[in-house]
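Asks: There's a structure below that I have some questions on.
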Amino acid sequence: MTKLGEMLKETTAFLKEKGVGEVDFGLILGSGLGELADEVEDAIAIPFSEVPHFAVSTVVGHAGKLVYGTLSGKKVLAMQGRFHYYEGHSMQKVTYPVRLMAAMGAHSMVVTNAAGGVNETFTPGNLMLITDHINFTGDNPLIGENDEAMGPRFPDMSHAYTPAYFEIAKKVAKEQNVPLQEGVYMGYSGPTYETPAEIRMSRVMGADAVGMSTVSEVIVAAHSGLKVLGISCITNLAAGMQSSLNHAEVVETTERVKAQFKELIKATLAE
Ligand code: HPA
C-alpha cells in the first residue's frame, strides 16, 4: 500500500472507532459558513487536532472540527473550517480531508467558500453556484507520483462540478427566493487579496469570483470520482471595484447571509 493509502487507513480506523459510520456527502464549510455543522443531528464532533494526519488550522473564524451525523436525512462528514495553502500547508495536506471523505465512502462533496465578486452584476451577499474553476494557485495537489488506487494520472476536469447538481441547486434557490448567481471561481494562493490589475486580468480570463481555497479540493474530488456541488458566498466586490478590502467585511457579509446559505444547502442536500 502507498503512504497515502496507509495514512487513510489509520484515519478511517480512528473515525470508525469514534463512531463515524457511512458517509453520503462530505461538506467543506468555508469562512463564516461553519454554523451549518451545528445543525447536524446525532453529531459526533472531533477537533482537527485529534484527527490523525490532519494539519492544524490557524485562521481566525475557522472552528476546526470534523462533524459527523445526519443533515437533511443524509449522512454527512462536515469540515467546520478547512486548511489553506497560504497557511503553509502543502496541497496534499490541504486536500487530505477530501481523500478522507472518499475513503469513508462519500459519493459527493459540497464545497463552500467566501469569495470576492469579479462579475460586475454581482452584489455582496449574493450566493454563487460554482460551475467551473480556474486553478491560478500555481500548484496542483496531484503533482508527484500518482496513486492508481486513488484515481487516474490525468483526470478529466470537464465536469468537475456536477451538472446534475446545478439543476437541483437552482430549483431550490428559486423555491426559496434566494438569488443564486452562477459562474467561474478563480483560485489564488493568497494570503494577499488581489491587486486591482489582477482582478482586471481575472475578469478577462473568465472569472466571476476569486478566492483562496476550493480549487485544490475540487481537483482531488475529481481525481477521487466524487460528485461536487460548489457554492460561493460573495462577501465583497474584488479589489478595484470598491475602495478597499478587509477580512472584517468578509466576516460581516457571511454573518448576514448565513441563514440563506444554510437553508439553500440543507434543501439541496434533501433533494
Ligand atoms: N479575494 C480573495 N479571497 C476572498 C475575497 C477576495 O476578494 N473575499 C473573500 N475571500
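Asks: I need every pair where a residue in the range 239-256 that is more than 15 Å from LEU33 (Cβ to Cβ) has its Cβ under 6 Å from the Cβ of a residue that is part of a helix (DSSP H, G or I) and modelled with pLDDT of 85 or more, sequence separation at least 6 or different chains.
Replies: Pairs that qualify, where the first residue is more than 15 Å from LEU33 (Cβ to Cβ) and the partner is part of a helix (DSSP H, G or I) and modelled with pLDDT of 85 or more, are ALA239/PRO196; ALA239/ILE199; GLY240/PRO196; GLY240/ILE199.
Asks: Mind checking whether some residue in the range 93-108 is farther than 12 Å from VAL23 by Cβ, of a type in the set (A, V, I, L, M, F, W, C), more than 16 Å from the ligand (Cβ to nearest atom) and surrounded by fewer than 22 Cβ atoms within 10 Å (Cβ to Cβ)?
Replies: no
Asks: How many of the residues making up the range 177-226 are within 11 Å of the ligand (Cβ to nearest atom) and assigned to a strand (DSSP E or B)?
Replies: Number of matching residues: 6.
Asks: What number of residues in the range 11-36 are of a type in the set (Lys, Arg) and on the phi > 0 side of the Ramachandran plot?
Replies: 0
Asks: Still on this structure, I have one more. Scan the range 228-253 for residues that are more than 18 Å from THR195 (Cβ to Cβ) and either more than 9 Å from the ligand (Cβ to nearest atom) or part of a helix (DSSP H, G or I) (or both) and jot them down.
Replies: The answer is VAL228, LEU229, GLY230, ILE231, ALA248, VAL251, GLU252, THR253.
Asks: When you check ALA160 against the structure, is it touching a helix residue (DSSP H, G or I) at 6+ places or on another chain (Cβ under 8 Å) and away from the ligand (no atom under 16 Å from the Cβ), yes or no?
Replies: Yes; evaluated as a whole, the condition is true for this residue.
Asks: Follow-up. Confirm whether GLY64 is surrounded by fewer than 21 Cβ atoms within 10 Å (Cβ to Cβ), at pLDDT below 95, of a type outside the set (A, V, I, L, M, F, W, C) and under 16 Å from the mean Cα position of the chain (by Cα). Reasoning before the result, please.
Replies: Working: surrounded by fewer than 21 Cβ atoms within 10 Å (Cβ to Cβ): yes; at pLDDT below 95: yes; of a type outside the set (A, V, I, L, M, F, W, C): yes; under 16 Å from the mean Cα position of the chain (by Cα): yes.
Judged against the criteria, GLY64 is a match.
Asks: Of THR112, THR137, which residue is part of a loop (DSSP other than H, G, I, E, B), within 16 Å of the ligand (Cβ to nearest atom), of a type in the set (Val, Ile, Thr) and surrounded by 21 or more Cβ atoms within 10 Å (Cβ to Cβ)?
Replies: THR137
Asks: Just to verify a result, which residue in the range 73-92, among those that are crowded, with 23+ Cβ neighbours inside 10 Å and aromatic (Phe, Trp, Tyr), is farthest from the ligand (Cβ to nearest atom)?
Replies: Looking at the filtered set, the residue picked out is PHE83.
Asks: Going by the structure shown, is GLY81 within 30 Å of ALA173 (Cα to Cα), at pLDDT below 95 and touching a strand residue (DSSP E or B) at 6+ places or on another chain (Cβ under 8 Å)?
Replies: yes
Asks: Filter the range 119-159 down to the residues that are touching a strand residue (DSSP E or B) at 6+ places or on another chain (Cβ under 6 Å) and either free of Cβ contacts under 8 Å to residues at least 40 places away in the same chain or among the hydrophobic types (A, V, I, L, M, F, W, C) (or both) and list them by number.
Replies: Within the range 119-159, PHE122, LEU127, MET128, LEU129, ILE130, ILE134, PHE136 meet the criteria.
Asks: Do the conditions hold for THR131, that is, is it at pLDDT 95 or above, surrounded by fewer than 21 Cβ atoms within 10 Å (Cβ to Cβ), in a loop (DSSP other than H, G, I, E, B) and β-branched (Val, Ile, Thr)?
Replies: Working: at pLDDT 95 or above: yes; surrounded by fewer than 21 Cβ atoms within 10 Å (Cβ to Cβ): yes; in a loop (DSSP other than H, G, I, E, B): no; β-branched (Val, Ile, Thr): yes.
In short, no.
Asks: While we're here: Considering only the range 156-178, how many residues are surrounded by fewer than 17 Cβ atoms within 10 Å (Cβ to Cβ) and under 20 Å from the mean Cα position of the chain (by Cα)?
Replies: Residues flagged as surrounded by fewer than 17 Cβ atoms within 10 Å (Cβ to Cβ) and under 20 Å from the mean Cα position of the chain (by Cα) within the range 156-178 amount to 9.
Asks: Just to be sure before I move on: is VAL94 free of Cβ contacts under 8 Å to residues at least 12 places away in the same chain and either under 17 Å from the mean Cα position of the chain (by Cα) or within 27 Å of MET7 (Cα to Cα) (or both) in the structure I sent? Walk me through how you get there before you give the answer.
Replies: Details: free of Cβ contacts under 8 Å to residues at least 12 places away in the same chain: no; either under 17 Å from the mean Cα position of the chain (by Cα) or within 27 Å of MET7 (Cα to Cα) (or both): yes.
In short, no.
The values are calculated or read from the model by the stated rules, or taken from the named source; none is laboratory data. All figures in this text were calculated on a predicted structure; none of them were measured in a lab. Methodologically, a virtual Cβ is constructed for each residue, glycine included, from the backbone with ideal geometry; neighbour enumeration extends over all protein chains shown.
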